[in-house]
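Heads up, the thing below is written out as structure tokens.
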Amino acid sequence: MLKDQKAAKMFTMLRNGCSLATIARKLQMAKRTIRKYRDKNVLPSQIPRPIRSYRTRLDPLDRYWPEVEELLSSQPRLKPFALLQHLQRKYNSTATPGEQLPVPDSLRRTLERRVQKWKLQHDVNQEVIFPQVHHPGDVIAFDFVDLNCLQVTINGRQFDHKLFHAVLTYSNWEHLHVCHSESYEAVATGLQDALYLAGGVPKRVRSDSLSAAVNNLSAEKEFAKQYQALLSHYGLQGHRINVRKPQENGDVESSNGHIKTAIDQALMLRGNREFASRAEYQEFVHQVVTQRNTKRQTKLLQEVTQFAALPAQRVATFTCYDILVKSDSVVRIKRNSYSVSSKYIGLQMEARIHQDHVELWYCGERVEVMPRLYGKDKELIDFRHVIDSLIRKPGAFENYKYQHHLYPTTRFRMVYDTLLKYTTQSSAIKQYLKILHAAKHEGLETVDDILRWLLQEGRPLSAAEVLNIVAAKQQVPSPTEVAVELPDLTEFDSLLQHKDVYDDDQDQDGETAQAAQYSVFESSGCEVALCSYDEYRGAAGAIEGTAVADDSRVAFGDGG
């Protein structure tokens, strides 16, 4: 179809006196088309086009449209993609393998046009998005961003994590905090860090309905007690957006994608995604967000003048629970199981749940620190906490609920399986528990190294053998220790048995030296080749990058 821009060039060439053939050749147009617009003297967009009242192909929606129209009449806000999925679930399930699907994915665009036309005819109003005016020092919004897709590793292991992402809506100043879950502890740490780095407290804080901030089980969905106490400490007015309305928190929601892209690009420029520690990765993220905040300093200064003063101290970022250590020496915290020392059985203790670890306190003293488990129904069982009791009750090992935690390394499991092959189950369990008991009291690394050596050498495995080596404090060979037999240097003399020894005293004239260099060997093809090579070296001199034998100077170059 001819465009107005091309038609304008055509009219210009006609005014300049160009022939129809010239215009048709240069603009790649038919002469008939040129005459048509020349005679009418109008642009293509000014010619009314007749509305086609007939179809050029069969209507692919003819069979399904009455059903779709019925659904739209009852629920006008239905989206075309949802209608398409409904039709596919209903009709595609009856199709045989290899048969063309009754409702293919290619039908989506046709359905979108038809639904849009139906909604226009039936005056279906759509939701209006209202742009907002942001005021300095008014709102700080936060959300969580999942960054597992970036495949960051720490010490070679996948680092699954999220980012607490806070944004001042007026200046778009950002703050990022690395965390593992959308917990209250992460919110309290990230939000307070953001306020202290920004230099003050805005009027309001906005979030979605995450469970760490909102009691979603209540009818009114009021703020959780801990979160409300945090807001009251800083004089913040809390505000949550409606469920499934992310556009109401658009400042931070929009920035989520941008910050994920910025970190991904920075990782590409860095050349790898491996970090030595979490602190190093946190510093890397801090550098990315600092660079993004550079251009926002002017507006941030305007916000700071409107901020309220920060309180004298921060709110504690941990949650406290009272727990009772039961007879199995395991406590349940946040639907996860942790083992503790058996000496605490029967005691009422205080568990302090931090963002990354859990502390146990008794009588005002911290007695245990454990890494925090995320999710639910997870277990952190340390064999050191139960082995002293288990070795006195070996019959409990076979069906122990947490038995899979009693293999500290792969070698311990291999040793137990090997013991089962060569002795009875009862004897294997008793011997294995003795080895595990030694690992607690003599050191896990020491016993694990002994097991490695015994397995590697194929020596008989038994608790007595392991305990004897431990008691004797015998040093086992390291895994990288390799025994290399020294060669007999006299064997190199055999290389000289067919070659005359060069004598410096005979090198009195050129003939004597030449005779020494070209000694007569036993007749063979290899000897001829050696003579030719010696002749070549006599003419060419030393190889470049090497030193001659009688030169005491240091050899230069790498001999490449």
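The values are calculated or read from the model by the stated rules, or taken from the named source; none is laboratory data. None of the values given here were measured: they were computed from a predicted structure. Cβ placement follows ideal geometry from the backbone for every residue including glycine, while neighbour counts extend to all protein chains displayed. Heavy atoms of the whole protein, side chains included, go into the accessibility calculation; ligands, DNA and RNA do not. Shrake-Rupley method; radii C 1.70, N 1.55, O 1.52, S 1.80 Å.
Can you tell which of 201, 331, 426 lies farthest toward the positive end of the dipole of the chain, using +1 and -1 charges on the Cβ of basic and acidic side chains (Lys, Arg; Asp, Glu)?
The listed residue farthest towards the positive side: 201.
Dipole of the chain, Cα-centred, from +1 at each Lys and Arg C-beta and -1 at each Asp and Glu C-beta, to the nearest 20 debye?
6880
Going through the cross-link list 6/295; 221/260; 90/245, which pairs have a Cα-Cα distance over 32 Å in this structure? Don't jump to the answer; show the numbers that get you there.
Working: 6/295 44 Å; 221/260 30 Å; 90/245 30 Å.
In this structure, 6/295 exceed 32 Å between Cα atoms.
Could I have the simple spin-label model distance between residue 291 and residue 455, label points 7 Å from Cα toward Cβ, reported in nm to one decimal?
Roughly 4.5 nm, to one decimal.
Okay, which of segment 80-108 sit inside 12 Å, backbone N to the point 7 Å along the Cα-Cβ direction of residue 63?
Hits in segment 80-108 for residue 63 at 12 Å: 88, 91-96, 100-104.
From a point 7 Å beyond the Cα of residue 125 in the direction of its Cβ, which residues of segment 66-90 have a backbone N at a distance under 15 Å?
Counting only backbone N, you get 76-77.
Show that you can apply the helix-only estimate: for the chain, add -39,500 (n - 2.57) for every DSSP H stretch of four or more residues, divide by all residues, and state [θ] at 222 nm to the nearest 500.
Mean residue ellipticity at 222 nm (helix-derived): -12000 deg cm²/dmol.
In square angstrom, rounded to the nearest 10, how much accessible surface does residue 389 have for a 1.4 Å probe?
50
Between residue 28 and residue 55, take the C-beta separation as r, use R0 = 35 Å, and let me know the FRET efficiency to the nearest 0.05.
0.65
Per 0.36 nm of contour for each residue apart, how much would the distance between residue 478 and residue 181 grow if the chain were fully extended, relative to their Cα-Cα spacing?
Working: separation 297, 0.36 × 297 = 106.92 nm, distance 4.07 nm.
That pair, residue 478 and residue 181, stretches by 102.8 nm at full extension.
State to the nearest 20 debye the size of the charge dipole of segment 428-493 about its Cα centre, where the only charges are +1 on K and R beta carbons and -1 on D and E beta carbons.
820
Between residue 43 and residue 225, with labels modelled 7 Å along Cα→Cβ, what's the label distance in nm to one decimal, could you check?
Label-label distance for residue 43 and residue 225, simple model: 7.1 nm.
Once Lys and Arg get +1 and Asp and Glu get -1 on their Cβ, which of 357, 176, 306 lies farthest toward the positive end of the dipole of the chain?
The listed residue farthest towards the positive side: 306.
So, for segment 406-451, what is the accessible surface per residue at a probe of 1.4 Å, expressed in square angstrom?
Numbers: 2310 Å² over 46 residues.
Per residue, segment 406-451 has an accessible area of 50 Å².
When the convex hull of the C-alpha atoms of segment 29-175 is computed, what volume per residue in Å³ does it have?
Spelled out: Cα convex hull of segment 29-175, divided by residues, is 378 Å³.
Determine the dipole magnitude for segment 163-257: charges of +1 sit on the beta-carbon of Lys and Arg, -1 on that of Asp and Glu, nothing else is charged, the reference point is the Cα centre, and the result goes in debye to the nearest 20.
That gives segment 163-257 a dipole magnitude of about 260 debye.
If the cut-off is 20 Å between C-alpha atoms, which lysines fall inside it for residue 225, apart from same-chain ones fewer than 8 positions away?
203, 334
With the cut-off at 1.5 for a/c, could you classify the chain from its C-alpha gyration tensor as rounded, prolate or oblate? Walk me through the numbers before you get to the answer.
Working: a/c = 2.13, a/b = 1.23, b/c = 1.73.
The shape class here is oblate.
In segment 300-446, what % of DSSP beta bridges are antiparallel (nearest 5)?
Values: 20 of 22 bridges.
Here the share of antiparallel DSSP bridges comes out near 90 percent.
Hey, for a label at residue 134 modelled as a point 7 Å past Cα toward Cβ, could you say which residues of segment 163-195 have their backbone N under 13 Å away?
The answer is 166-175, whose backbone nitrogens lie closer than 13 Å to the label point.
Where Lys and Arg each count +1 and Asp and Glu each count -1, what net charge lies around residue 346 among other residues with Cβ under 15 Å from its Cβ?
Overall, the nearby charge balance is 0.
Could you tell me the calculated FRET efficiency between residue 217 and residue 421, based on Cβ-Cβ distance and R0 = 56 angstrom, to the nearest 0.05?
Here the calculated transfer efficiency is 0.55.
If you roll a 1.4 Å probe over segment 359-472 with all protein chains in place, what percent of the accessible area is carbon or sulfur?
Numbers: 3120 of 6380 Å².
Reported share for carbon and sulfur atoms: 49 percent.
With a 10 Å radius around each residue's Cβ, average the other Cβ atoms per peptide and rank 449-457, 280-288, highest first.
The packing order, highest mean first, is 449-457, 280-288.
Report for the chain the percent antiparallel among DSSP-assigned beta bridges with both residues inside it, nearest 5.
If I count the DSSP bridges inside the chain, around 75 percent turn out antiparallel.
Give the shape of segment 173-298 as rounded, prolate or oblate, defined through the alpha-carbon gyration tensor: a ≥ b ≥ c are the square roots of its eigenvalues, a/c under 1.5 means rounded, and otherwise the shape is prolate if a/b is larger than b/c and oblate if not.
It comes out prolate by the Cα gyration axes.
Looking at segment 233-317, which trypsin sites (Lys or Arg not before Pro) are DSSP coil and have at most 13 other C-beta atoms within 10 Å of their C-beta?
Answer in residue order: 244.
If I model a spin label at residue 413 and residue 391 as a point 7 Å from the Cα along the Cα→Cβ vector, what separation in nanometres do I get?
That separation, rounded to one decimal, is 2.4 nm.
Can you tell me the FRET efficiency between residue 316 and residue 73 if r is taken as the Cβ-Cβ distance and R0 is 60 Å, rounded to the nearest 0.05?
0.60
Could you tell me the distance between the Cα centroids of segment 151-177 and segment 15-43, to the nearest Å?
Comparing the Cα centres of segment 151-177 and segment 15-43, I get a distance of 61 Å.
Quick check: residue separation of residue 343 and residue 35 times 0.36 nm, minus the Cα distance between them. What number comes out in nm? Intermediate values should be presented prior to the final figure.
On the way: separation 308, 0.36 × 308 = 110.88 nm, distance 10.26 nm.
Contour length minus Cα-Cα distance gives 100.6 nm.
Before anything else, pin down the relative contact order of the chain: Cα pairs under 8 Å, at least 6 apart, normalised by residue count, whole percent.
After rounding, I find 7 percent.
Which order do peptides 182-191, 66-75 fall in by mean Cβ count within 10 Å, highest first?
Highest to lowest by the protection proxy: 182-191, 66-75.
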